[in-house]
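This report concerns only the one structure given below.
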Amino acid sequence: MKEFKRMWIVLGLITIGSFILLGYFGKEVYNERPPIPAEFVDENGKVLFTEADIMAGQSAWQSIGGMSVGTVWGHGAYQAPDWTADWIHREVLGWLDQQAQREYGKPYAELSERDQATLHYDAQQAFRKNTYDKTTGKVTLSADRVRSVEAVSAYYDKLFSDDPSLHKLREAYAMKENTLPKAESRAKLNAFFFWSAWAASTNRPDQNVTYTNNWPHEPLIGNQPTAENVIWSIISVVTLIFGIGCVIWIWAFFTHHEHEEVAIPSRDPLTLVNLTPSQKALGKYLLIVAALFFVQVMLGGFTAHYTVEGQDFYGIPVADWLPYSLTRTWHIQSAIFWIATGFLAGGLFLVPIINGGKDPKFQKLGVDLLFWALIVVVAGSFLGQFVALKGWMNEKLNFWFGHQGYEFVEIGRIWQIALFAGLVFWLVLMLRGIWAAFKVPGDKSLLILFTLAAAAIGLFYAPALFYGEHTHISVMEYWRWWVVHLWVEGFFEVFATSAVGFIFYNLGMVSKRAATAAALLAAMMFLIGGIPGTFHHIYFAGTTTPIMAVGALFSALEVVPLVLLGYEAFDNWTAQHKADWMKPMRWPLTFFIAVSFWNMLGAGVFGFLINPPISLYYLQGLNTTPNHGHAALFGVYGFLALGFTLMVLRYIRPTMKWNEKLMFTAFWAMNLGLVLMLFTSLLPIGIIQANATINEGLWWARSAEFVEQNPIIHTLRWFRTVGDVIFILGAVAFGVQIVKGLLHREGGGSPAGKTETPAAAASTTSQS
């Protein structure tokens, strides 16, 4: 530890400083969130909406899948409109028509451009003026605006029911009939949507910027990027260039002396240790990874098809039982579950190795209990979501047992608590084995980093419990991204880096010093941008300019370490040629190499495409976001979890030989399918939508008129099927290999065909 004292000090300062920033400006989120007025009233004092109505509307929105049915403030699904942008545009058009008839005696659409421009100025004054009275908690709306609000409310009431006049539109939006059956619930939903639109079109007190930093783009009322938006975007690009330069220098100085040659063992050190009962018990975890992975990719293809047939699957009406909102939810949740399971299995496999080749007491029992707890959470949460979106669950129970409505954290609160308890239990299982290794002489830096990363994975899901059903959506977004960004993009990265370094050291492929230095440096680079970079997700979620500044500055640094991943990939690739016994590790290493590539492209290039404030202003809520999401979530964490799965399989079935045809098909079909999915569908559609947003506004880019009538988009959506089918083929091949591997009967011997008797190797494998 003494040798790496300086690096530990720097890492500690980075972590503490980053969390101070995240917490300090998190207070800004709480203090500056858009108010939820006690009442919205007309000029005569008649109440239109109350705070209770808005909160009830938020619950109603959650009960239909929330962010799985369109988006609010740009967050959610990419089929159906952004309800905030759509409401603003429809309300403003209604107001403009009234003014045009009053002043010119004809509809707004028939006016000259000059007359329209005059009304645009009037609309900007009417909509952006803040009439919120802090003393009374009331907002007063003009008679014209009230009539426009009532007209939009009537339209939304029809859209979310089964009104036959809007059937075709529901098909285009992939909404099931009677999305929200109760008229009272639809009225409350309108209150919530109106409030989200009011906050996005109303200036903050004494400022010329809306509560959502002028998002979404809406020329009719002058919603356009702020000067601060442009300035901090420029600064983020400069920071990226500066950061890349610095990291190359730092990496060179820290690692140039770390390439000392190590004595390669004559055979795999990990095979010298008898498998423990807990390691043998991990086979069922691998089976769950393969099964959920298969379910996820099939659901992905099914969900994607809803973009061309909104309520049907090749003519078969399925939306009543399996609507888009449900299949999309299951698609996301199954991905989270199988990726997490792969990580959990990888960690549990390493515990006995760290513990000197033996299990702590009752470790197998713990591994078995954790597995069945996982099954209960998966099955229970999926069933709860089905019942909720079918409309069979009381809205009061929905948040706890059904669908929370928030993307990536959709599962009901009771299942979240169970999942958190499972992660804590996993952490306990990890620490029981790791603790013994701290008593072994030698530097503990790599082990400490691995332990801290495991603790972070176990504990940092807790922010998913820090908000409630009626928490203000700005505050909810803050905590949601603690889970989605900080937990995943921060600590999962550190855990993966330290785990891979630990594995390579125990295989005798790198020195302890080199593995430790590389892991510590990587952790520094991931956390310095990853922690405060969380804010880049909430530029327009009812936050202020300081949030934008911090998010823009530090999210640029997230990209910086990704420029070095080619070096890491080369090291992983060459490792298999260092010894004959490394050949069985070829495919796990190949998947780790894919992680490096997709980290650079998916997280780095596609991530930074939407990270600068000016970029995200126009791209939020478009297909450029799932383009980044698919490339990063599967390309990085998916391939990493699959790599861990293959690694564990290789050791619990040491005499098994890879089916080269299956593995070749699995690896290359998944990569090719993902490339086709991105470059022939998601990315080009996102670019086409971006052009529409810049020219007309977000409402137009997300509208059925634009999306459904654009022949290029229609073609690209159908062409995605090619990539989906190829990807599914790869997933099936991977699953078959896992099943074949688990069914393989051990007949003795080693992967290299030798039959040496395993011997305890605690002295060599636990020295980390």
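The values are calculated or read from the model by the stated rules, or taken from the named source; none is laboratory data. Predicted, not measured: the structure shown is a model, and the values here were computed from it. For neighbour counting, all protein chains shown are included, and Cβ atoms are generated from backbone atoms with ideal geometry for every residue, glycine included.
Let's see how each residue does on (1) under 29 Å from the mean Cα position of the chain (by Cα); (2) of a type outside the set (Lys, Arg); (3) at pLDDT below 80:
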site: GLY551; (1), (2), (3): yes, yes, no
site: LEU557; (1), (2), (3): yes, yes, no
site: LEU562; (1), (2), (3): yes, yes, yes
site: GLY566; (1), (2), (3): yes, yes, yes
site: ASP571; (1), (2), (3): yes, yes, yes
site: ALA575; (1), (2), (3): no, yes, yes
site: ASP580; (1), (2), (3): no, yes, yes
site: PHE591; (1), (2), (3): yes, yes, no
site: VAL595; (1), (2), (3): yes, yes, no
Quiz item: In segment 184-219, what count of residues is obtained for those that are within 24 Å of ILE694 (Cβ to Cβ) and among the aromatic types (Phe, Trp, Tyr)?
Solution: 2
Practice problem: Please state which one of ASP82, ASP53, ASP86 is modelled with pLDDT of 95 or more, within 21 Å of the chain's Cα centre (by Cα) and charged (D, E, K, R). | Solution: ASP82
Quiz item: Can you tell me which of LEU369, LEU344 is over 24 Å from the mean Cα position of the chain (by Cα) and more than 26 Å from THR715 (Cβ to Cβ)?
Solution: LEU369
Quiz item: So which residues in segment 378-421 are farther than 20 Å from TYR467 by Cα and out of contact with any strand residue (DSSP E or B) (no Cβ under 8 Å at 6 or more places or on another chain), if there are any at all?
Solution: VAL378, ALA379, GLY380, PHE382, LEU383, PHE386, VAL387, LYS390, GLY391, TRP392, MET393, ASN394
Quiz item: Take the residues of segment 215-271 that are of a type in the set (Asp, Glu) and farther than 30 Å from GLY94 by Cα: which is modelled with the highest pLDDT?
Solution: GLU228
Quiz item: In segment 394-410, is there at least one residue being within 22 Å of ILE339 (Cβ to Cβ), free of Cβ contacts under 8 Å to residues at least 40 places away in the same chain and buried (at least 19 other Cβ atoms within 10 Å of the Cβ)?
Solution: no
Quiz item: Looking at segment 670-729, what helices (runs of 4 or more DSSP H) fall wholly within it and have at least 2 residues that are buried (at least 20 other Cβ atoms within 10 Å of the Cβ)?
Solution: 683-695, 698-701
Quiz item: Across segment 365-393, what is the number of residues that are closer than 19 Å to LEU322 by Cα and either of a type in the set (Val, Ile, Thr) or surrounded by fewer than 20 Cβ atoms within 10 Å (Cβ to Cβ) (or both)?
Solution: 10
Quiz item: Does THR655 count as surrounded by fewer than 20 Cβ atoms within 10 Å (Cβ to Cβ), in contact with a Leu (Cβ under 7 Å, 6 or more places away or on another chain) and farther than 30 Å from ALA227 by Cα?
Solution: no
Quiz item: Could you say whether any residue in segment 384-399 is within 30 Å of LEU431 (Cβ to Cβ), hydrophobic (A, V, I, L, M, F, W, C), under 26 Å from the mean Cα position of the chain (by Cα) and modelled with pLDDT under 95?
Solution: no
Practice problem: Would you mind stating whether TRP718 is in contact (Cβ under 8 Å) with a residue 24 or more places away in the chain and under 27 Å from GLY310 (Cα atoms)? | Solution: yes
Quiz prompt | helices (runs of 4 or more DSSP H) contained entirely in segment 103-189, each with at least 3 residues that are loosely packed, with under 15 Cβ neighbours inside 10 Å and without any contact (Cβ under 8 Å) to a residue 24 or more places away in the chain | solution = 113-128
